[in-house]
Amino acid sequence: MKDGMVTVILGGELDLLCREFLSEHLMRVAASEPQRLVFDMAGVRFVDCDAARALANTGRFLPYGSRPVIRNPRPAVRRLFQLTGLDAYCVLEEGGHEHLRS
């Protein structure tokens, strides 16, 4: 953690097979009480709804008004967050540009 910010680099496929591992890792991250939480998703090829929900819900561990950042999601991953409405609970960031949904 640097200056209260935690960056988690994810890769591969976030699906049923990694649910337990992802959940355990997110709980360890939450225990560190980050001020800002960034998920670097550039290496993620697929994310299912449960994994996307778990990432978006990490906002409850952040200071009031803060949302987790989903950085560099591939188009299919971005679309899942948008179609499910989970983009309202996080910040989609690509190439340094934030895409906020209010």
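What follows is calculated from the coordinates using simple rules that are stated; it is not laboratory data. Model, not experiment: these values are computed from the prediction. Because the Cβ atoms are built from the backbone with ideal geometry, glycine has one as well, and the counts that use them run over all protein chains shown.
For residue 38, the residues 5 or more places off, or on other chains, whose built amide H falls under 5 Å of its own are 6, 7, 8, 69.
Here the average projected area of the convex hull drawn through the C-alpha atoms of the chain stands at 5.9 nm².
If only the Cβ of Lys and Arg carry +1 and only the Cβ of Asp and Glu carry -1, the dipole of the chain around its Cα centre is close to 180 debye.
The fewest-to-most ranking of 9, 70 by surrounding Cβ atoms within 10 Å reads 9, 70.
Ordering of 51-58, 85-92 by packing is 51-58, 85-92, highest average first (other Cβ atoms within 10 Å, averaged per residue).
Between the beta carbons of residue 60 and residue 20, assuming R0 = 25 Å, the FRET efficiency works out to 0.80 to the nearest 0.05.
Of the peptides 11-17, 77-83, 59-65, the ranking by mean beta-carbon count within 10 Å, highest at the top, reads 77-83, 11-17, 59-65.
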